[in-house]
1. Which of these, Pro285, Pro84, Pro20, has the largest mean-square fluctuation under a Gaussian network model of the chain (Cα springs below 10 Å)?
2. How large are Rg and Dmax for the stretch 120-259 when calculated on the C-alpha trace, in angstrom?
3. Please state the relative contact order of the chain as a whole percent: Cα pairs under 8 Å, 6+ residues apart?
4. Once you have the Cα-Cα distance between Arg168 and Thr208, take 0.36 nm times their residue separation minus that, and quote the gain in nm to one decimal.
5. Using a 1.4 Å probe, what is the accessible area per residue for the chain, in Å²?
6. Which helices pass in the chain if a helix is a full DSSP H run, must span at least 18 angstrom along its long axis by Cα, and must have mean Kyte-Doolittle hydropathy not below -0.5?
7. Out of Val75, Val25, Val160, any idea which swings most in a Gaussian network model of the chain, alpha carbons joined below 10 Å?
8. For the chain, modelled as a Gaussian network with Cα springs under 10 Å, which listed residue fluctuates most, Ala230, Ala322, Ala48?
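The values are calculated or read from the model by the stated rules, or taken from the named source; none is laboratory data. Quantities reported herein were computed from a predicted structural model and do not represent experimental measurements. Virtual Cβ from ideal backbone geometry, glycine too; neighbours counted across all protein chains shown. All accessible areas refer to the heavy atoms of the entire protein, side chains included, with ligands and DNA or RNA removed. Shrake-Rupley method; radii C 1.70, N 1.55, O 1.52, S 1.80 Å.
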Amino acid sequence: MTRHKVAVLPGDGIGQEVIPEALKVLEVVARESGTALEFEEGLVGGGAIDATGEPLPDATFRLCAMSDAILFGAVGGPRWDDAPTDRRPERGLLRLRKELDLYANLRPAKCFPMLIDASPLKRSVVEGTDLMVVRELTGGLYFGEPHGIERMADGSARGVNTMIYTSREIERVARVAFDVARKRRRRLASVDKANVLVVSQLWREVVTGVARDYPDVKLEHILVDNCAMALVARPTQFDTIVTENTFGDILSDEAAILAGSMGMLPSASIGGKTALYEPVHGTAPDIAGTGVANPIAAILSAAMLLRHSLDMGPDAEKIEAAVLRVLEKGYRTADIRQEGTTLVGTVQMGELIAREVAALYS
Ligand code: IPM
Ligand code: MG
């Protein structure tokens, strides 16, 4: 029997509530498919700071590095908001991305037909939306040097972050994006700010060069401000989007509302040997601890984990089909609630999906 080891890092806030539901579903898959999945939990984020003083304790990093995949919840929360940058929960996630070389972040945003009316946008605008944001994840403003705050003798100060990209960093994420586009509808929009930033001019030059190896993919360049507008005005014009770290952070949150709710969106961070899978929604401090969070993004992240890291595509499809079935039957968490549907909490939604997955195997 094949054995796979999965590092499980629930983190903070609703991460603690949605990850157990994703595990419930993975346990059904393991049992029904006869695969040995071994789960081991690690501390990360604010909880890890409280317990060890570090947002990413060494033990957690070692666990991640020796696992076949990482299932991640979310990190952060108001309790740690005033901590210095290197003692913030987010550092734990950023260090994992950097040290595991997870340079490409895949964030699919698909409009689920039964959730169209949960989107704040008009049906005529969002219907048919199915796009993938490929965000560069280990470069740009997030990691560029120099960075810091310089305090002057006269009491004034100067803050610096550096947007820096090498041609190699651009090329490798561009290749991931072209490969992704090739398996989709063969259209790639590269997003930059080349009318102002020289780093974007290099980005455009390198992406255009890589395009020569992908004559079957139609490439267009679009400025980030224009892209932000087009995403909510004409989202169906997009197939695959590739962009640098900060632009991708912003645009992928924007794309999330196209799916009806942040609570629906999974993500995969790939590049190095061990990939990381996490829901896009974050810790949601406003609802944490109340049992109402939507576990679907975490469950769909588990499906991506099976497909991309464990080569279990057909099992991933069963999870995705089970999610659709439960939605079709009218069950909704609060974030996607509509008239005439049945409101359920986090645990109930997880159980409904787990049961549906089991049924798909029999
Ligand atoms: C995300 C988050 C992170 C980011 C934070 C938590 C550091 O917003 O994954 O999009 O900015 O990358
Ligand atoms: Mg973000």
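1. Pro84
2. Final numbers for Rg and Dmax: 16.8, 59 Å.
3. Worked out over the chain, it gives 22 percent.
4. 13.0 nm
5. 43
6. Qualifying helices: 15-33, 167-182, 198-211, 296-309, 313-328, 346-361.
7. The residue with the greatest mean-square fluctuation here is Val160.
8. Between Ala230, Ala322, Ala48, it is Ala230 that shows the largest mean-square fluctuation.
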